[in-house]
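Colleague: Dumping the structure here so I can ask a few things about it.
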Amino acid sequence: MTINIKQFLQTFIDESTEMLQEMEGELLKIKAEKIDKESINKIFRVAHSIKSSSNIFNFKIMSALSHTVENYLDQVRENIKKLNKEEIEYLFSYVDCMRTMLLNIENNLPINEDAANKLNEFFRKLLKTPKDNDNFSNNYQSEKTIKENSFKILYYPNRQCFLQGQEPFRILNALAELGHLTVEIDMSDLPLFPMLDPTQCYLKWNLRLNGNIEKKSIEEVLAWTLDDDREIISIIDDEQGSEENPKNADTKISEFNPSSSKSIRVATDKIDNLMNIAGEFVILQSMLNQINKAFDKKQTENLIETIDKLEQNSLRLQDALLRVRMIPIEFAFTRFPRMVHDLAKQMGKEVELTLTGEKTELDRTIIEKIIDPLSHLIRNAIDHGIEMPAIRKKSGKNPVGHIKINSYQESGCVVIDIIDDGAGLNFEKIRQYAIQQGLKSESDKIDNDEIIKILSHPGFSTADSVTEISGRGVGMDVVYKNLSDIGGKLTVETKSGEGTKFQMRLPLTLAIMECQLIKVSNETYVIPLISFSEIIKIDMNELLLLDGMECYKLRDNYIKIIRLSKFFTKNSQKNSLKNKYLLIINDENKKSALCCDEVLWQQQVVIKSIEKNYQKINGITGATILGDGNPALVLDVQTIANFKNSEKIDLEQKINLSAQNISLNPAKLDNKFLDILSFLIAGREYGVDIHVVKEISICSSITPLPNVPSYVKGIINLRGMIIPVIDILECFSLGEITKDNKDHPIITVNIYSDNHIKTAGIIVDSVADTYHILSSHINKIPDDEEFEFKSYIQGLITINNKNIPILNMGHFIF
Amino acid sequence: MDCILEKDNVIVKFDKHLDMTSIQDAFIMLKKAFDYNKPILLQVNEITRLDTAGLQLLLSFYLAAHEKKITIQWEAPSAILVEIAKILNLYKLLKLSL
């Protein structure tokens with residue numbers, strides 16, 4: 001058996017990326033402040049570590065460049081070489097170059113060696129130049145005279161150290177470079193040869209190091225070895241005290257370990273799986289609550305107690321899991337100091353960035369989705385907000401512009417403020433743009449509340465010229481949309497000459513949301529609480545028609561009414577709004593209201609994807625499973641508010657056009673034996689490849705979907721998975737299998753297309769038979785045969801003189 | 001890697017790499033050689049990449065053979081093997097100098 005070192009490649013990439021981030025942060029510190037020895041040490045450690053680990057994976061260019069950079073940094077530490085602006089910029093280039101190489105490695109792309117070689121050459125030349133320590137005392141304190149020291153080092157690597165890419169011999173080699181090293185090997189843990197696991201490390205070393213050595217230098221070498229607390233290392237400075245018992249060495253670890261918080265890397269799909277289980281827990285508890293309501297309370301005291309405990313436990317589990325997904329927002333923030341540094345340099349501006357609240361935690365998915373919007377806002381602030389130093393000076397401002405990014409939690413949301421002290425937004429230009437685009441009339445005034453809507457208009461730009469940084473008018477609409485997609489909100493406040501503040505308001509997580517349940521035409525729907533501001537019962541006296549639109553007068557504002565019944569059903573009949581409710585929503589600062597029949601209760605819901613097994617549906621974020629086990633649709637309020645009837649596309653046509661080249665199961669068609677499961681619909685027998693059949697169940701309840709072809713009857717809950725259900729009869733325009741869909745068997749099938757597998761159900765009257773046939777016995781439908789739905793049929797098989805169409809399920813779904 | 005059974009001994013021929021990428025293969029090969037219960041000649045002259053795991057394997061094997069009174073002979077240890085064995089203080093123990 002051979003160990004595949006590539007399994008550790010992702011860890012190498014992740015760790016190196018994190019280390020480069022740290023290096024960049026330290027370089028920015030050096031730039032902004034005086035050179036600090038600790039920063040140089042940290043930068044050195046990054047180069048050293050990347051050198052060693054890239055060597056393990058045989059990335060020679062990375063290793064060689066890091067080696068040269070490490071040597072150079074070592075000379076900086078030793079006060080031999082200096083670190084000026086130019087060298088700092090080259091170290092930034094090293095970070096960029098490494099990042100690019102890592103990205104290429106991750107994407108299996110070839111590494112561009114030219115950039116790395118050029119950088120390597122630059123640092124090599126630096127190393128060859130004469131010592132410049134004479135000129136290098138202004139901002140780098142020289143070290144005190146080093147005394148002859150002796151250290152005893154107990155180096156007991158943890159068992160996994162080989163698998164973690166650690167190399168004891170390199171550690172010993174590095175220590176030997178510091179002074180005179182005496183090595184004593186401890187083999188007491190080494191098992192008998194046949195019992196050996198060669199991937200584990202059983203050896204330990206007791207070392208003695210003498211020389212003009214600082215304890216810190218040893219710590220630096222050994223710092224690489226510490227990965228977790230199973231690794232025992234102790235250093236005893238003979239001059240400082242007596243030797244310690246190795247058994248007590250654990251106590252020394254914290255003194256030495258640069259990172260006191262322990263962390264583990266967990267793949268997000270594993271966390272997602274745990275989240276699903278936690279979600280099921282919540283659903284189960286909700287189901288038990290419903291069952292409980294139907295029981296005689298006197299007999300069910302224990303049941304109630306158990307439900308309470310289950311509820312507490314499920315909430316605890318859910319909370320704990322949510323915390324696993326939560327990461328500090330500094331994950332996003334750490335890239336901004338460099339970005340600001342580069343952009344300010346490019347623009348000839350001076351900009352200082354302050355980050356606060358970096359420890360505020362958010363769901364990883366949300367953090368990933370806000371990086372681009374945040375970057376865009378910062379770019380805009382530098383390009384359009386912060387003035388040139390001379391202009392700032394003239395207007396009595398500090399020539400150094402200031403951008404502050406502050407993050408904090410408020411009312412169950414995470415808020416991020418992006419504040420600059422620049423010129424503020426140009427109201428007049430914004431107004432002119434709005435008038436040109438017909439968004440506003442000449443007489444309209446624009447206030448802060450309305451600005452965001454204009455800024456988010458596709459193509460908006462007030463820039464006089466297009467720069468590399470911004471001004472193309474592409475961006476703010478995307479920022480706004482990205483934030484809307486994750487249920488976030490963006491607002492802006494600006495004062496001419498004083499600056500601008502953008503505020504993002506984000507949900508803590510996307511996986512579980514606090515929602516309101518409502519009823520429309522006897523179906524239950526779910527609306528995230530973050531999407532609306534209030535609910536009111538309709539007062540018929542406040543209803544009026546404006547420009548043919550149903551409106552409601554609320555506190556002197558006229559609010560457009562959107563009837564959800566109209567959105568979800570094809571029924572255009574307008575029923576009375578008496579006793580109905582309005583959910584008031586702020587849609588791009590223009591208020592509108594969703595009208596529903598009943599307001600139910602609020603609860604946390606686990607949002608599941610419909611897209612995973614079907615397609616994206618306009619106006620629907622996903623689905624959740626209610627306490628009765630039935631799915632309910634979670635509404636995308638922003639899209640519904642902007643939905644116009646004219647936008648309704650011909651979905652039947654779209655689906656027919658998009659369904660191309662999808663086979664039954666491509667792997668099975670090479671004249672091999674196939675098993676066909678047949679079923680009856682309206683007296684006719686149809687078949688599917690049995691390999692795609694997942695299971696057969698009985699249909700209980702189908703939740704209808706809006707704006708989908710009529711043969712897609714809706715979605716069902718298949719043990720926590722949301723799948724669409726197809727009525728084949730209706731697809732072939734042969735009628736409808738059933739009105740209520742209840743108690744019919746549903747054959748669940750997996751549908752293959754390219755790299756996707758989707759799951760869907762077919763409603764049938766009954767399951768008929770199975771047939772074992774050769775794939776060559778599937779006959780194509782003759783070309784001359786007139787059959788409108790030919791593409792939905794893979795072919796025909798003839799059994800007992802009966803032609804049985806074999807369905808091509810992909811055409812129904814993809 | 002190869003394990004050849006000769007009349008009087010067993011020859012284990014190592015490839016260029018004796019590190020984590022090939023350690024399991026080497027372990028299996030050495031176990032096979034060990035089971036013949038004959039003097040073993042370790043041809044380690046071609047090794048150009050070695051890590052501590054590789055050396056630990058050789059050490060464990062060497063100690064087990066010694067225990068079982070099986071003679072181990074090194075054939076022209078490569079420079080890297082000698083160097084790493086020296087760093088880890090195993091050079092004398094493995095009798096690489098002989």
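The values are calculated or read from the model by the stated rules, or taken from the named source; none is laboratory data. Worth saying up front: this structure is predicted, and the values here are computed from it rather than measured. Methodologically, a virtual Cβ is constructed for each residue, glycine included, from the backbone with ideal geometry; neighbour enumeration extends over all protein chains shown.
Colleague: Do you know which residues across the stretch A:103-114 are modelled with pLDDT under 85, assigned to a helix (DSSP H, G or I) and either under 18 Å from A:Thr17 (Cα atoms) or aromatic (Phe, Trp, Tyr) (or both)?
Modeller: Hit for the stretch A:103-114 is A:Glu106, nothing else.
Colleague: So, one more: Only one of (1) modelled with pLDDT of 90 or more; (2) crowded, with 17+ Cβ neighbours inside 10 Å fails for B:Gln73. Which number is that?
Modeller: (2)
Colleague: OK, next. Here's a check for you: in the stretch B:56-84, which residue that is among the small types (Gly, Ala, Ser) and more than 27 Å from A:Asn173 (Cα to Cα) is nearest to the other protein chains (Cβ to nearest Cβ)?
Modeller: Result: B:Ala64.
Colleague: Give just the number: which of (1) part of a loop (DSSP other than H, G, I, E, B); (2) more than 11 Å from chain B (Cβ to nearest Cβ); (3) at pLDDT below 80 does A:Ile235 not satisfy?
Modeller: It fails just one condition, (1).
Colleague: Among what's in the stretch A:172-194 and is facing chain B (nearest Cβ under 9 Å) and in a helix (DSSP H, G or I), pick the residue that is farthest from A:Arg208 (Cα to Cα).
Modeller: So the residue we want is A:Pro194.
Colleague: A further question on this structure: Go through the residues of the stretch A:122-144 one by one and say whether even a single one is farther than 28 Å from A:Cys97 by Cα, at pLDDT 80 or above and more than 12 Å from chain B (Cβ to nearest Cβ).
Modeller: Checked the stretch A:122-144: no residue is farther than 28 Å from A:Cys97 by Cα, at pLDDT 80 or above and more than 12 Å from chain B (Cβ to nearest Cβ).
Colleague: Another question, if that's okay. Which one is surrounded by the fewest Cβ atoms within 10 Å (Cβ to Cβ) among residues in the stretch B:5-34 that are in contact with a Lys or Arg (Cβ under 6 Å, 6 or more places away or on another chain) and either basic (Lys, Arg) or within 13 Å of chain A (Cβ to nearest Cβ) (or both)?
Modeller: B:His17
Colleague: For the stretch A:145-174, how many residues meet the condition of being modelled with pLDDT of 80 or more and of a type in the set (Gly, Ala, Ser)?
Modeller: Residues flagged as modelled with pLDDT of 80 or more and of a type in the set (Gly, Ala, Ser) within the stretch A:145-174 amount to 1.
Colleague: Every residue in the stretch A:145-170 that is facing another protein chain (nearest Cβ under 9 Å) and under 38 Å from the mean Cα position of the chain (by Cα), please.
Modeller: A:Pro157, A:Cys161, A:Phe162, A:Leu163, A:Gly165, A:Gln166, A:Glu167, A:Pro168, A:Arg170
Colleague: Next question. Tally time: how many residues in the stretch A:429-450 are within 18 Å of A:Asn380 (Cα to Cα) and modelled with pLDDT of 80 or more?
Modeller: Result for the stretch A:429-450: 3.
Colleague: Determine which member of the set A:Ile61, A:Ile43 is modelled with pLDDT of 80 or more and surrounded by fewer than 20 Cβ atoms within 10 Å (Cβ to Cβ).
Modeller: Exactly one residue qualifies, and that residue is A:Ile61.
Colleague: Just give me the residues in the stretch A:195-225 being of a type in the set (A, V, I, L, M, F, W, C), within 12 Å of chain B (Cβ to nearest Cβ) and either closer than 27 Å to B:Ala26 by Cβ or exposed (fewer than 15 other Cβ atoms within 10 Å of the Cβ) (or both), in sequence order.
Modeller: Correct list: A:Met195, A:Leu196, A:Cys201, A:Leu203, A:Trp205.
Colleague: Residues that are at pLDDT 75 or above and under 30 Å from A:Ser286 (Cβ atoms): find the strands (runs of 3 or more DSSP E) completely inside the stretch A:602-713 holding 3 or more of those.
Modeller: Correct list: A:620-625, A:631-635, A:693-698.
Colleague: Could you list, in sequence order, the residues of the stretch A:68-87 that are buried (at least 16 other Cβ atoms within 10 Å of the Cβ), of a type in the set (A, V, I, L, M, F, W, C) and farther than 14 Å from A:Ala47 by Cα?
Modeller: Answer for the stretch A:68-87, where residues must be buried (at least 16 other Cβ atoms within 10 Å of the Cβ), of a type in the set (A, V, I, L, M, F, W, C) and farther than 14 Å from A:Ala47 by Cα: just A:Leu83.
Colleague: Any residue at all in the stretch A:188-196 that is touching a residue at least 24 places away in the same chain (Cβ under 8 Å) and either closer than 26 Å to B:Ala65 by Cα or touching a Lys or Arg at 6+ places or on another chain (Cβ under 6 Å) (or both)?
Modeller: No, that holds for no residue.
Colleague: Further, regarding this structure: State the number of residues belonging to the stretch A:511-526 that are part of a loop (DSSP other than H, G, I, E, B) and farther than 15 Å from A:Glu598 by Cβ.
Modeller: Residues that pass the stated criteria total 1.
Colleague: Let me ask you something else. Among (1) assigned to a helix (DSSP H, G or I); (2) at pLDDT 80 or above, there is one condition A:Ser53 misses while meeting the rest; what is its number?
Modeller: Among (1) assigned to a helix (DSSP H, G or I); (2) at pLDDT 80 or above, A:Ser53 violates only (2).
Colleague: For the stretch B:1-55, enumerate the residues that are of a type in the set (D, E, K, R) and closer than 22 Å to A:Asn158 by Cβ.
Modeller: B:Asp19, B:Asp51, listed by residue number.
Colleague: For the stretch A:787-807, give me each residue that is of a type outside the set (Ser, Thr, Tyr), modelled with pLDDT of 80 or more and in contact with a strand residue (DSSP E or B) (Cβ under 9 Å, 6 or more places away or on another chain).
Modeller: A:Ile793, A:Gln794, A:Gly795, A:Leu796, A:Ile797, A:Ile799, A:Lys802, A:Asn803, A:Ile804, A:Pro805, A:Ile806, A:Leu807 - these are the residues of the stretch A:787-807 that are of a type outside the set (Ser, Thr, Tyr), modelled with pLDDT of 80 or more and in contact with a strand residue (DSSP E or B) (Cβ under 9 Å, 6 or more places away or on another chain).
Colleague: If I filter the stretch B:85-98 down to residues being out of contact with any Asp or Glu (no Cβ under 9 Å at 6 or more places or on another chain) and within 7 Å of another protein chain (Cβ to nearest Cβ), which single residue comes out as farthest from A:His180 (Cα to Cα)?
Modeller: Selected residue: B:Leu90.
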